[in-house]
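Single-structure report; data block below.
Just so it is clear, none of the values below were taken in a lab; they were calculated from the coordinates. Because the structure is predicted, anything quoted here is derived from the model rather than measured. Positions of Cβ are generated from backbone atoms using ideal geometry, with glycine treated the same way; all protein chains shown enter the neighbour counts.
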Amino acid sequence: MRLVLATRNRHKIREMKEILKDVKGIELIPADHFPQLPEVVERGSTLRENAIQKACHAVKFTDCLTLAEDTGLEIDALSRKPGVRSSRFAGEHASYEQNIAKVLGLMRHIPWKDRGARFRSVVAIVEPGGSPRVFEGVCEGQITTERRGKAGFGYDPIFEVAGYGKTFAEMDQDQKNRISHRALALQKAKVLLMELCRREKSSSAEG
């Protein structure tokens, strides 16, 4: 069974492939496999809306089972911003470094006890002709006062995971893929994917 990953973010694709590698009978197809697939302008006011929008857009174009994901960083001291605008916090085409610099600048006078934050990931899965099914994962932590670590991407160097004393950028990929917001959402989605694989296998056997 083919599953289209409705993203061109190579970092997300790598993590998704690693987390979903034990789902037997499924072939993961990145969006780049469909060069004519138009980019989606994210107009949703929530991560859920954006994930569903991207999944529904891709399933119509590819006629394949599709998975889309949207992630946001919610910082308590910034009224849970950047949230749905995490990738565009410093501007429409901002780089990871520009977004990090803006967050650190806004947080420079905030004491450690008030630097609580969380990553939230929403995954939407849509079958051709079906309705979206949505899964969510949340990882709690705090915003550091400076960049720490070289791994990961996005805000990983300034997000210290609660209970670990490390930022995502200080963790190896295996550890991050066990505890991250994206991993938690995809672990829930796996139950559905495995059921769809079993259904596909049963249908093929009957045919």
Legend entry - Integer Hz, Karplus 6.51/-1.76/1.60 couplings in order for the stretch 158-170, x for Gly and Pro: 10, 10, 8, 6, 4, x, 10, x, 10, 7, 4, 6, 9
Inset, instruction - At a Cα cut-off below 19 Å, give the lysines reachable from LYS176, other chains included and same-chain residues fewer than 8 away excluded. - result: LYS12, LYS17, LYS21, LYS150, LYS166, LYS188, LYS190
Inset, instruction - Step through the residues of the stretch 101-107 one at a time and calculate ³J(HN,Hα) from phi using the Karplus curve (6.51 cos²θ - 1.76 cosθ + 1.60, θ = phi - 60°), rounding each to whole Hz and writing x for Gly and Pro. - result: 4, 5, 4, 4, x, 5, 9
Inset, instruction - Kindly provide the trypsin sites (Lys or Arg not before Pro) of the stretch 85-145 that DSSP labels as loop, not H, G, I, E or B, and whose Cβ sees at most 12 other Cβ atoms within 10 Å. - result: ARG108
Legend entry - the chain, relative contact order [Cα under 8 Å, separation at least 6], %: 20
